[in-house]
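Following: one structure in structure tokens, then a few remarks.
Every read-out reported here was derived from the displayed coordinates using simple, explicitly stated rules and does not represent laboratory data. Quantities reported herein were computed from a predicted structural model and do not represent experimental measurements. Neighbour counts are summed over all protein chains in view; Cβ atoms, including those assigned to glycine, are modelled from backbone coordinates with ideal geometry.
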Amino acid sequence: VITREQCAALDAVDPLAHFRRYFDLPEGLIYLDGNSLGALPVTTLGGLNDLVANEWGRSLIRGWRDHGWWELPVELGERIGRLVGAAPGQVAVGDSTSVNLFKVLVAALRLRPERRVLVSEAGNFPTDLYLASSAAELLGVELRLVERDPDQLRRALSDEVGAVLLTHVDYRSAAILDMAATTGMVHDAGALMVFDLCHSAGALPVELDATGVDFAVGCTYKYLNGGPGSPAFAYAAARHQASMRQPLTGWGGHARPFDFEPAYEAATGAARLSVGTPSVLSLAPLRSSLEIFERTSTSELRMKSLGLSELLIALLDELDPPGLELASPRAAAMRGSHLAYRCSDARALHAALEEREILGDLRPPDLLRLGIAPLYLRHVDIYDTAVAIAEILGA
Ligand SMILES: *Cc1c(COP(=O)(O)O)cnc(C)c1O
């Protein structure tokens, strides 16, 4: 039987325990929704205040020159690049994940103009499917949906397929796709690989360069703690940059925006993924949150995340509350950083947890998602959550 004392002892020797101090979490609240909206870093408020009061208030127009505002998308992109295995010059931050999906899908399909099929997974996050469908329609390409399964994917690949869009960590089950193997299979068919990293970035190691991924997108308001609606990132492998054409040709991606030339000429490097004037106020919190990530490593984060997840699974196995069933892969290596549990009345369970100051995440009709953000969760939080779930369900 696992005790609360044992969990406290695990916290005492946890090498990441002190990171909790970098976050401003409400006293007494257990936050298990960092996979949906990350927590507030303590330095964010001061950083934003300085940006508004000093950079904007005092520098005014000179801020573009004196505070590096125009370069923020690429500067922050380099820093996010380190978290997803991308060498400098390949990641830009700006716009939403949805908008970035459109940019990279059209760019990828245009690199394979003779191939008339885009493949994605039927259970993908809806916005991914909506944008894939629109990009395909616009280019006169067929969108073919398959199940999230290597064999099905292999059967769907042919010399007609130009690009494949998949989500690395599934938003419902947290199941991970093998990035290297999948990309290899897609490349063997001559197609380009596009990965959505919304539930991966900041939660586990990702190796975009080493696995040969062609394009990727991801959120910054989930595990990266950039704040509600903070801008997303987009990755374009260096080898594609000279020839790729992304469709949103705003002056933000122009080679010389301040020459005000009538014709578009794409910037070199990741800057060509940008569209318009950077959302400086929305980008600024990322400066504070990425500093926290720069004091640790994705492998340390992964170790803690898996330790906490395994603990929660073990506790709930042991307490065995009636009607609760793990809907995430049991094998740690196959699982991202949240746990999904199936429960016929997930809504009531979610609400009862909230009454006890435990915030989980609901995916109707029957899924409770528990986000295991490794930077600020403790082993005792996991213990208290498991006990509360068991009590609510009458174990
Ligand atoms: C969260 C999430 C999104 C969100 O896209 P937005 O444009 O930020 O709303 C997209 N795709 C996946 C897989 C997600 O998990």
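Things to note:
- About its Cα centre, the dipole of region 262-394 is roughly 580 debye, where the only charges are +1 on Lys and Arg Cβ and -1 on Asp and Glu Cβ.
- Surface/4 estimate of mean projected area, convex hull on alpha-carbon atoms of region 208-286, nm²: 6.1
- Taking only the alpha carbons of region 255-298, we obtain Rg and Dmax values of 15.2, 46 Å in that order.
- Multiplying each eigenvalue of the alpha-carbon gyration tensor of the chain by 5 and taking the square root yields semi-axes of 36, 28, 16 Å, largest first, rounded to whole angstroms.
- Label-to-label distance for ASP188 and THR127 is 3.4 nm, based on points extended 7 Å past Cα in the beta-carbon direction.
- Three-way shape label, region 342-395, alpha-carbon gyration tensor, a/c 1.5: oblate
- Separation between Cα centres of region 187-231 and region 271-336, rounded to whole Å: 13
- Structural descriptor for the chain: relative contact order 23 percent, calculated from alpha carbon pairs under 8 angstrom and at least 6 residues apart.
- Quotient of Cα Rg and 2.2 N^0.38 Å for region 140-298, N being how many residues it contains: 1.15
- Amide H to amide H, with H built 1.01 Å from N, HIS254 comes under 5 Å of ALA267, counting only residues 5 or more places away or on other chains.
- Ordering CYS7, CYS198 by the number of other Cβ atoms within 10 Å of each residue's own Cβ, fewest first, gives CYS7, CYS198.
- Rounded to the nearest 20 debye, dipole of the chain from Cβ charges on Lys, Arg, Asp, Glu: 920
- Cα gyration tensor shape for region 259-386, rounded if a/c is under 1.5, else prolate or oblate: prolate
- Three-way shape label, region 94-172, alpha-carbon gyration tensor, a/c 1.5: oblate
- Taking 0.36 nm per residue of separation and subtracting the current Cα-Cα distance, fully stretching the chain between ASP151 and LEU48 would add 32.3 nm.
- Modelled label positions at ALA395 and ARG342, each set 7 Å beyond Cα in the direction of Cβ, lie 1.9 nm from each other.
- Listed residues GLY252, LEU208, GLY190: farthest to the positive end of the dipole of region 176-253 (Cβ charges): GLY252
- Legend note: in the chain, cysteines whose Cβ sits 4.7 Å or more from every other cysteine Cβ are CYS7, CYS343.
- Residues ARG20 and ARG65, FRET efficiency given R0 of 35 Å [Cβ-Cβ distance, rounded to 0.05]: 0.35
- Note: relative contact order over region 141-206, using C-alpha pairs below 8 Å and six or more positions apart, is 35 percent.
- Exposure proxy shown here: for VAL42, VAL206, the number of other Cβ atoms within 10 Å sets the order, fewest to most, as VAL42, VAL206.
- Tilt relative to the chain, helix 72-83 - C-alpha long axis, 0 to 90 degrees, to 10: 50
- Counting neighbouring beta carbons within 10 Å and listing from fewest to most, the residues SER120, SER59 come out as SER59, SER120.
- Charge dipole (debye, nearest 20) of region 7-105; +1 at Cβ of Lys and Arg, -1 at Cβ of Asp and Glu: 260
- Unit charges at the beta carbon, dipole of region 44-164: most positive-side option, GLY68, VAL161, SER133: GLY68
- Antiparallel content of DSSP bridges confined to the chain, in %, to 5: 50
- Each 10 Å bin from zero up to the one holding the largest Cα-Cα distance in region 148-230 carries the following percent of pairs: 18, 49, 26, 7, 0.
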